1. Other chains' Cβ within 10 Å of C:89-100 residues: what's the mean?
2. Per-residue mean of other chain beta-carbon atoms within 10 angstrom of the beta-carbon, peptide C:120-129?
3. For peptide A:70-80, how many partner chain Cβ atoms fall within 10 Å of a residue's Cβ, on average?
4. Find the relative contact order for the range A:1-120 and round it to a whole percent, using C-alpha pairs within less than 8 Å whose residues are 6+ positions apart.
5. Please tell me which of these pairs span more than 19 angstrom C-alpha to C-alpha: A:100/A:141; A:141/C:100; A:100/B:141; A:100/C:85; A:100/B:100; A:16/B:16?
6. At 7 angstrom along the Cα-to-beta-carbon line, where would the label on residue B:23 sit relative to the other copies? Give the distances in nm, shortest first.
7. Treat each spin label as a single point 7 Å out from the Cα along the C-beta direction, and report the residue A:79 to residue B:14 distance in nm.
8. Any idea what the dipole of the protein assembly as shown comes to, in debye rounded to 20, about its Cα centre with Lys/Arg Cβ at +1 and Asp/Glu Cβ at -1?
Amino acid sequence: MASSGTNARREPHAAKTLAVRSSRRTELINITAEIQELVTESGCSSGVCHIYVPHTTAGVIINEGYDPDVARDVEVALDRMIPLKGDYRHAEGNSDSHIKTALVGTSQSVFIEHGRLALGRWQAIFFCEFDGPRHRDVRVKIVAD
Amino acid sequence: MASSGTNARREPHAAKTLAVRSSRRTELINITAEIQELVTESGCSSGVCHIYVPHTTAGVIINEGYDPDVARDVEVALDRMIPLKGDYRHAEGNSDSHIKTALVGTSQSVFIEHGRLALGRWQAIFFCEFDGPRHRDVRVKIVAD
Amino acid sequence: MASSGTNARREPHAAKTLAVRSSRRTELINITAEIQELVTESGCSSGVCHIYVPHTTAGVIINEGYDPDVARDVEVALDRMIPLKGDYRHAEGNSDSHIKTALVGTSQSVFIEHGRLALGRWQAIFFCEFDGPRHRDVRVKIVAD
């Protein structure tokens with residue numbers, strides 16, 4: 001975690017950076033608890049939490065966190081829809097990772113209510129690794145009402 | 001509608017909940033008028049309207065609202081791209097619904113100008129049911145400038 | 001560019017309109033520099049830049065801007081996944097354009113830090129034309145902290 005609670009309270013709007021480490025090429029990683037921690041540290045009771053992935057081969061989605069098979073099924077479906085090999089010109093061999101990122105997107109916004117992320121009952125926030133394993137960053141900006 | 005105009009004016013930032021009822025398994029439902037009503041009730045003249053779906057098998061998109069065949073074509077295309085049956089492990093039989101949700105996303109943000117949603121001429125806001133029929137919620141947070 | 005710097009400073013929150021001209025049916029156009037110019041004109045040092053496409057057959061994504069082959073590969077992949085001809089009823093012959101728009105989305109939000117778009121090292125903002133060539137608009141709203 002890149003920020004201390006003290007700094008978070010002093011500059012409540014400044015974006016914080018969350019470090020994420022992936023272990024597979026395509027991997028959804030539940031980062032809900034880490035983002036809630038940043039919300040708690042900020043002292044924000046009501047507002048919007050903006051989550052932003054500053055990479056071009058990784059994204060962020062909100063989906064079911066209860067059954068890990070859901071994340072696995074999303075990974076497999078994306079791998080099927082956008083194969084590793086195809087009509088690609090980008091020389092780095094990870095065009096599929098860029099295309100997956102374009103489809104799922106690199107940001108999410110979640111409301112904050114009573115100091116908590118106002119997620120639905122089954123919702124979790126997933127960092128989406130599409131070209132791992134790697135060290136990655138997620139940026140989080142909390143805008144209080 | 002979960003909120004009265006009076007409450008909306010007293011706590012302008014608090015998210016409101018809009019009830020949506022779907023009648024088919026995959027169904028795009030135009031909710032533009034209901035969201036505009038919440039904007040009007042809020043008294044907000046200029047700002048951003050954040051729309052959030054707190055479910056894991058439903059999303060929200062912005063697309064053409066004039067010809068209902070567009071919504072129908074989007075539904076059919078998603079059903080073709082992400083079939084009901086496939087290499088899925090999630091035991092509830094609705095992995096396709098979770099995958100569709102991951103692709104279209106669970107939130108949208110629309111500017112508010114002169115008290116109106118600043119949509120393009122042909123744009124409408126569609127709740128996307130991917131595992132209906134069900135009773136669903138859409139949450140709406142209005143942040144004035 | 002639809003706005004002058006003077007107006008931008010007087011009404012910092014008002015959305016600006018950026019004109020974009022596409023030259024092909026499916027075309028990703030890097031608009032990062034034009035959006036940074038609006039951020040600079042606004043005088044905003046820290047905040048959120050909301051980018052909104054008011055069309056139903058065009059969207060906006062954030063992806064690699066360094067190697068133009070990445071944008072080309074995204075274009076080709078979307079054309080493969082959502083073909084021009086298919087089980088479509090919409091009479092205008094551009095159902096594929098609407099479906100692509102539903103998948104990539106019509107808005108993005110990027111943090112502003114020290115007066116600059118806080119994009120990742122390889123990230124650029126791409127207007128996504130799916131039914132060109134056309135004259136298009138992109139709307140940009142800057143919300144300072």
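1. Working: counts 7, 9, 2, 4, 0, 3, 9, 2, 2, 11, 10, 2.
Taking all residues of C:89-100 together, the mean is 5.
2. Details: counts 9, 3, 5, 7, 1, 0, 1, 0, 1, 0.
That average works out to 3.
3. Numbers: counts 13, 3, 5, 11, 8, 2, 6, 13, 3, 1, 5.
Rounded to a whole number, the mean comes out at 6.
4. On the way: 133 pairs, mean separation 40.4, N = 120.
34 percent.
5. Values: A:100/A:141 24 Å; A:141/C:100 29 Å; A:100/B:141 29 Å; A:100/C:85 23 Å; A:100/B:100 13 Å; A:16/B:16 28 Å.
Checking Cα-Cα distances, A:100/A:141; A:141/C:100; A:100/B:141; A:100/C:85; A:16/B:16 exceed 19 Å.
6. 4.9, 4.9
7. Here the answer is 4.7 nm between the modelled labels.
8. Numbers: 51 positive and 57 negative charges, 100 e Å.
Charge dipole of the protein assembly as shown: 480 debye, to the nearest 20.
The values are calculated or read from the model by the stated rules, or taken from the named source; none is laboratory data. Computed from a predicted model, the values in this text were never measured in an experiment. Heads up, the Cβs are rebuilt from the backbone with ideal geometry, glycines too, and the neighbour counts pull from every protein chain shown. These area figures cover heavy atoms from the full protein model, side chains too; ligands, DNA and RNA do not enter into them. Shrake-Rupley method; radii C 1.70, N 1.55, O 1.52, S 1.80 Å.
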